[in-house]
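**Student:** Provided herewith is a single structure, encoded as structure tokens, for subsequent inquiry.
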């Protein structure tokens, strides 16, 4: 709904040559049991966003609007993660890791669409190999 609510402005931005993009936080699609078995509803919701990425990428490509997804390789240290028993927050990465990866994707001057990025591969493509630090 948010993407559709912004569509008119995204189209204006494309017409002005500003490389408009939508970036969702959703995983690459992988229909394997282990992604669903312990959290079916959550996985279904996230995969629903992944399907929106693919659908909107195809639908909005003709307007010059990029639609992609970003997902972390490892857990991110957020408040909800602290509430899950057994999660070692010391193994989680800072939220800034994702915001930096998003910045690298969104400031790319090339219109690309329908991609599923993993944070560390985004960094590697830009020569950044230390995932503990941010830009």
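**Student:** GNM, the chain, Cα, under 10 Å: largest mean-square fluctuation among 69, 99, 26?
**Tutor:** Top of the fluctuation ranking is 99.
**Student:** Looking at the chain as a GNM with Cα springs under 10 Å, which of 56, 93, 39 has the largest mean-square fluctuation?
**Tutor:** Among 56, 93, 39, the largest GNM mean-square fluctuation belongs to 39.
**Student:** Could you compute the FRET efficiency for residue 75 and residue 110, with r as their C-beta to C-beta distance and R0 at 25 Å, rounded to 0.05? Intermediate results must be reported in sequence, preceding the final value.
**Tutor:** Details: r = 30 Å, r/R0 = 1.21.
The calculated FRET efficiency here is 0.25.
**Student:** Quantify how much of the Cα-Cα distance distribution of the range 5-49 extends past 14 Å, in percent.
**Tutor:** Percentage above 14 Å: 61.
**Student:** So which residue, out of 86, 48, 66, gets the largest mean-square fluctuation from a GNM of the chain using Cα contacts under 10 Å as springs?
**Tutor:** 86
**Student:** Let me have the 222 nm mean residue ellipticity of the chain computed from DSSP H runs of 4+ only, each contributing -39500 (n - 2.57), with the sum over all residues rounded to the nearest 500.
**Tutor:** After summing the helix terms and dividing by the residues of the chain, the value is -13000 deg cm²/dmol.
**Student:** Then there is this: Fewest first, what order do 9, 96 take by the number of other Cβ atoms within 10 Å? Before the final figure, lay out the partial values.
**Tutor:** Values: 9 10, 96 14.
Listed from fewest to most nearby Cβ atoms, that is 9, 96.
**Student:** Further, regarding this structure: Could you tell me the relative contact order of the chain? Use alpha-carbon pairs under 8 Å, at least six residues apart, and round to a whole percent.
**Tutor:** 26 percent
**Student:** Right, next: Which angle from 0 to 90°, rounded to the nearest 10, does the C-alpha axis of helix 95-106 make with the longest principal axis of the chain?
**Tutor:** 20 degrees
**Student:** For the chain, just run the numbers: alpha carbon Rg, then divide by 2.2 N^0.38 Å, N being how many residues it has.
**Tutor:** Normalised Rg, Cα atoms only: 1.13.
Each reported figure results from applying straightforward, stated rules to the coordinates on display, with no laboratory input. Everything quoted here is computed from the prediction, not taken from an experiment. Here Cβ is always computed from backbone atoms with ideal geometry, including for glycine, and neighbour counts include all displayed protein chains.
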